[in-house]
Amino acid sequence: MPQPNAVKCLVVDDEPRLRRVLVRLLEGEGFTCSEAGSGTEALEMLQHEPVPLVISHLRMPHMDGVTLLREIIARWPTTAVIVVTAVAEVESAVACLQLGALDYVAKPFHLDEVRARVMQALDKRSLKMEVEDYRHNLEQRVQEQARRIEELSLERLQALVHFLEEKDPYTSGHSVRVADYSARIGRQMGLSQAVMDVIALGAELHDIGKIGVSEAVLHKAGKLTEAEYRHIMEHPVIGARILAPLMRDVPPALAIVRSHHERLDGKGFPDGLKGDQIPLEVRVVGVADSFDAMTSVRPYRPALSVQKALQELEDGKGTQFHPPAVEAFLAAFPDPSALPVATPEVRPLHLPPPLDPHRRSSPPD
């Protein structure tokens with residue numbers, strides 16, 4: 001009699017008498033057996049309830065055992081398949097082993113042989129599943145470790161950004177304020193959390209390329225020459241080059257670093273992008289970056305008043321700035337006396353999950 005927790009087995013043969021012989025043998029060993037009279041019927045039964053073990057005759061009309069084997073391997077790869085063959089068909093049975101069957105038995109049946117072949121096939125199945133589970137877990141552990149290494153690299157880069165800013169009293173706290181302004185703009189625009197995470201990452205690292213800019217030029221008190229201005233404007237390209245290996249899976253964040261000085265009218269740096277060529281994430285950060293720069297003291301000028309900076313945003317709508325982002329900024333701060341914001345506390349950055357390659361890099365405007 002089959003046991004309550006017995007291994008389930010499906011016996012497939014177009015001859016009822018031969019099916020019953022196998023069923024009796026297997027049930028005598030404690031298996032729970034069901035029967036199918038054809039390959040088509042077997043597939044229908046497996047569709048409703050997959051089983052660990054299928055024993056199928058090789059020669060059947062309509063759908064032979066080879067076709068059934070291929071279907072099972074493709075759709076239920078953890079199911080162990082044993083093929084039943086006549087002695088004269090051993091070569092065909094061996095071919096089935098190459099396709100993925102775990103064993104074969106030849107007619108006429110001998111109880112000891114059937115028992116041995118079935119147990120051997122189930123042992124192979126168990127080992128195969130253990131190997132697959134180990135491989136899957138190993139891949140997951142490797143991915144987790146790789147991501148932790150990336151997170152540590154990100155922490156160091158974040159620390160570098162703030163170290164560079166702390167060396168310069170004129171830019172201290174700039175990156176975290178830009179990230180804060182950007183977050184408030186994004187919330188007003190109803191952007192998803194996934195997009196907000198990307199903006200937070202790119203905004204806080206957007207000026208890391210200034211590590212490659214001459215300090216003498218960065219701290220120059222007088223008006224910059226054309227050559228000096230172009231030298232400073234190399235920092236987006238330098239930053240993108242530094243971050244490319246780390247942020248290859250989040251291209252919109254990398255775009256923020258490279259393109260935060262682009263303008264809608266195409267007169268920005270470094271690529272002269274126009275309009276929708278500039279990702280939405282970049283357009284959001286561009287408004288935040290410009291407002292904080294305008295309301296901060298620089299070596300070559302005093303800070304603009306909040307009212308003057310807000311007017312600059314208004315005047316630049318459609319030429320320099322993305323109008324919805326400007327409107328969202330104004331809506332986020334209906335009381336100008338709340339501006340400029342105090343420098344927020346620095347929080348650890350995290351890499352967002354890799355983007356779905358089929359998803360747009362930017363959400364609709």
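Of all beta bridges that DSSP places with both ends in the chain, some 10 percent have antiparallel geometry.
Farthest toward the positive end of the dipole of region 38-131, out of Ala86, Val131, Tyr104, is the Cα of Val131, where the dipole comes from beta carbon charges about the Cα centre. When only the Cβ of Lys, Arg, Asp and Glu is charged (+1, +1, -1, -1), the dipole of the chain relative to its Cα centre reaches about 440 debye.
Taken over region 176-325, the ratio of Cα radius of gyration to 2.2 N^0.38 Å equals 1.01. Taking the chain as a Gaussian network of alpha-carbon nodes connected by springs under 10 Å, the highest mean-square fluctuation of the residues Thr319, Thr343, Thr225 belongs to Thr225.
When Thr32, Thr79 are compared by accessible area of protein heavy atoms, the largest-first order is Thr32, Thr79, using a 1.4 Å probe.
Once the Cα atoms of helix 111-166 and of the chain are each reduced to a long axis, what angle between those two axes, in degrees from 0 to 90 to the nearest 10, is obtained? Compared with the principal axis, the helix lies near 0 degrees. When you have a sec, figure out the Kirkwood radius of the chain from all distinct Cα pair distances and drop it here in Å to one decimal? Computed over the chain, the radius equals 25.6 Å. When the pairs Lys274/Lys317; Lys220/Lys308; Lys8/Lys124 are compared against a 18 Å limit on Cα-Cα distance, Lys220/Lys308 fall above it.
The values are calculated or read from the model by the stated rules, or taken from the named source; none is laboratory data. Remember, it's a predicted structure, so these values are computed and weren't measured experimentally. So basically every Cβ, Gly included, is an ideal-geometry build from the backbone, and we count neighbours across all protein chains shown. The protein model used for the area step is the full one, side chains on, heavy atoms only, and it has no ligands, DNA or RNA in it. Shrake-Rupley method; radii C 1.70, N 1.55, O 1.52, S 1.80 Å.
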